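Report on the following structure.
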Amino acid sequence: MKPENESPGNDLDDLIDTLLKHFDEKDAAREESLRLSRIVIRLSSTAIRAVHRRERSEAERLLREAREHLSAIKDLLATHHDVRYSGFVDDAEQEFVEASALFSLIFEGRMPTHEDLDVDPVSYLGGLGDLTGELRRSILEFIRNGRPEDGEVLLEIMEEIYHMLMRFDYPEAIMRGLRRKTDLARSMIERTRGDITNALQIQALERHLSLLEDKLKGSYSDL
């Protein structure tokens, strides 16, 4: 039994203090994680631009820094899973996956796994869905430089990613937006295939016209 001179309000005050401390810690962890997530997104976006410019050492530095921030977020939210899966950490991880996978494909010719990148599996798949947009960007650059045939290899990778994503047919509550990214990937693949086909046809026509021009010049020179 409680001493008669002890007020029930004392227990309530202790309970309130404990709860306030819990939510103060959760709020502080959320704010710091949100700040770090924004930095990860910025670093990853900059790394993507560095990869497109073929600045390997700069891209490596940016991705290394982004990975360190993601590790710090994981530590901050180790006991706050509701905050971890509220959305903004997924966004940061997906941007990091997109940049890291693009780096690995362009410079190393391989696709990293989610274990390699130490990210949530769903974030990994979402990042691969976003990667198709960056691969399309690289293909369009090849086309502009008169090398559409080089884009065919990246188009095959886009298609492989799409077919992989299609296999993860689980409820939205589990996959957290993956279906939408899969549909966008399919749309980009169709447009990109058309772009490459047109570029190759134009290239073939230009070669044909060039050969015809040479023949005509040869014919006139014989007159």
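The values are calculated or read from the model by the stated rules, or taken from the named source; none is laboratory data. Predicted model, so just to flag it, every value in this text is computed and none were measured. Note that each Cβ is placed from the backbone with ideal geometry, even for glycine, and that neighbours are counted across all protein chains shown. Keep in mind that these areas ignore ligands, DNA and RNA; they rest on the heavy atoms of the full protein, side chains included. Shrake-Rupley method; radii C 1.70, N 1.55, O 1.52, S 1.80 Å.
Please go through segment 36-83 and give me each residue that is of a type in the set (V, I, T) and over 11 Å from F103 (Cβ atoms), ordered by number.
So in segment 36-83, the residues of a type in the set (V, I, T) come out as 39-41, 46, 48, 51, 73, 79, 83.
Residues satisfying the conditions are I39, V40, I41, T46, I73, T79, V83.
Go over the candidates L102, L125 one by one and state the one that is more than 16 Å from M175 (Cα to Cα) and part of a helix (DSSP H, G or I). Within the list L102, L125, the selection yields L102. Return a yes/no flag: does segment 138-150 have any residue that is basic (K, R) and within 23 Å of P112 (Cβ to Cβ). No, segment 138-150 contains no residue that is basic (K, R) and within 23 Å of P112 (Cβ to Cβ). The C-beta contact set for segment 75-102 (first residue closer than 15 Å to L131 by Cβ, second residue hydroxyl-bearing (S, T, Y) and open to solvent by less than 30 Å² (accessible area, probe 1.4 Å), distance under 6 angstrom, 6+ apart or interchain) comprises E93/S123; Q94/S123; E95/S44; F96/S44; V97/Y124; A99/S44.
Would you say G127 is surrounded by 12 or more Cβ atoms within 10 Å (Cβ to Cβ) and closer than 30 Å to Y85 by Cβ? Answer is yes for this residue.
Only residues that are among the β-branched types (V, I, T) and within 8 Å of the chain's Cα centre (by Cα) were counted across segment 93-118, and they come to 1. When P121 is tested against (1) surrounded by 13 or more Cβ atoms within 10 Å (Cβ to Cβ); (2) under 14 Å from the mean Cα position of the chain (by Cα), exactly one condition is not met: (1). For segment 141-153, a residue qualifies if it is of a type in the set (V, I, T) and either at pLDDT 95 or above or buried (at least 19 other Cβ atoms within 10 Å of the Cβ) (or both), and exactly one does: I143.
Inclusion of E93 among residues that are under 15 Å from L117 (Cα atoms), among the acidic types (D, E) and crowded, with 18+ Cβ neighbours inside 10 Å is warranted. Only a single criterion out of (1) under 24 Å from R42 (Cα atoms); (2) of a type outside the set (K, R); (3) under 14 Å from the mean Cα position of the chain (by Cα); (4) open to solvent by less than 30 Å² (accessible area, probe 1.4 Å) is not satisfied by S138, namely (3). Checked against (1) within 28 Å of E58 (Cα to Cα); (2) open to solvent by 50 Å² or more (accessible area, probe 1.4 Å), G133 passes all but a single condition, namely (2).
Cβ separations smaller than 8 Å between residues 6+ apart or across chains give the following pairs from segment 59-71 residues that are closer than 21 Å to L105 by Cβ to residues that are outside any helix (DSSP H, G or I): R67/D118; L70/D118; L70/V119. If you go through segment 131-153 and keep only what is in contact (Cβ under 8 Å) with a residue 24 or more places away in the chain and in contact with a Leu (Cβ under 9 Å, 6 or more places away or on another chain), you end up with L131, T132, G133, E134, L135, R136, S138, I139, P148, E149, G151, E152.
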